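Notes follow the structure.
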């Protein structure tokens with residue numbers, strides 16, 4: 001991989017801003033300060049800030065010998081990501097984070113309630129045989145359910161803010177989470193509790209799938225627009 005060089009002089013107002021931008025993108029680079037170089041050094045012929053990848057000028061300008069000057073503007077994050085090929089892997093990981101959280105949360109909440117060890121004797125027996133009898137306590141199961149609901153809502157909110165920007169999945173997740181929790185732990189009426197409980201389970205799983213489809217659609221739209 002070619003080395004990255006940031007070339008600046010001390011009085012340049014954009015020098016530290018460009019360095020901060022490269023740091024935020026996780027770029028390993030060498031900072032060349034022109035005031036510390038000899039007057040005839042090749043790096044003296046670049047405006048400040050300039051960014052080189054090997055011998056290739058990524059940003060800035062090459063000046064006439066013996067002259068100096070500032071680059072007219074600060075490089076954008078998108079420009080550096082494209083020309084340096086950085087930041088893309090981090091972006092993909094962040095996008096995958098919401099899918100993981102919402103999926104694990106949705107199915108975890110459904111499992112905690114739908115396959116409740118206190119409700120299904122066979123599951124309770126299996127948990128006891130595996131030394132997981134402490135999970136049979138209602139307080140523990142309630143805490144686990146709240147944790148999975150939190151994961152689901154966190155994933156849905158992340159998708160809303162950072163990916164497809166659709167608020168309805170997050171709102172539906174809030175409603176289904178409330179229905180699931182109330183149906184399991186707040187007694188209203190036997191039939192109503194059953195409706196809320198299993199409606200919440202189906203709803204949570206459905207919202208998780210809906211969110212994944214919206215994420216996929218938003219990525220495809222972004223790919224289509226970038227290829228034009």
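Suppose we look only past 21 Å in the calculated P(r) of region 4-84. What percent of the Cα-Cα pairs does that tail hold? Numbers along the way, then the final one.
On the way: 595 of 3240 pairs.
Pairs farther apart than 21 Å: 18 percent.
Mind ranking 183-193, 162-172 by how tightly packed they are, going by the mean number of other C-beta atoms within 10 angstrom, highest first?
Details: 183-193: 12.9, 162-172: 16.4.
Averaged packing, sorted descending, gives the order 162-172, 183-193.
If you rank 53, 77 by fewest surrounding Cβ atoms within 10 Å, what's the result?
Numbers: 53 18, 77 12.
In increasing order of surrounding Cβ atoms, one gets 77, 53.
Between residue 198 and residue 143, what is the label-to-label distance in nm when each label sits 7 Å out along the Cα-to-Cβ direction?
Spacing of the two 7 Å Cα→Cβ label points: 3.1 nm.
Once label points are set 7 Å from the Cα along Cα→Cβ at both residue 209 and residue 150, what is their separation, rounded to one decimal in nm?
Result: 2.8 nm between the two label points.
Neighbouring Cβ atoms within 10 Å as the yardstick, rank 62, 56 fewest first. Could the numbers behind the result be given before it?
Numbers: 62 12, 56 9.
Fewest-to-most ranking of 62, 56: 56, 62.
Say each of residue 72 and residue 37 gets a label point 7 Å from the Cα, pointing the same way as Cα to Cβ; how far apart are those two points in nm?
2.3
If the chain between residue 82 and residue 30 were fully stretched, how many nm would it gain, using 0.36 nm times the residue separation less the Cα-Cα distance?
Gain on stretching residue 82 to residue 30: 16.8 nm.
Where a number appears in this text, it was derived from the coordinates with a stated rule and is not lab data. Model, not experiment: these values are computed from the prediction. Cβ: placed from backbone, ideal geometry, glycine included. Neighbour counts: every protein chain shown.
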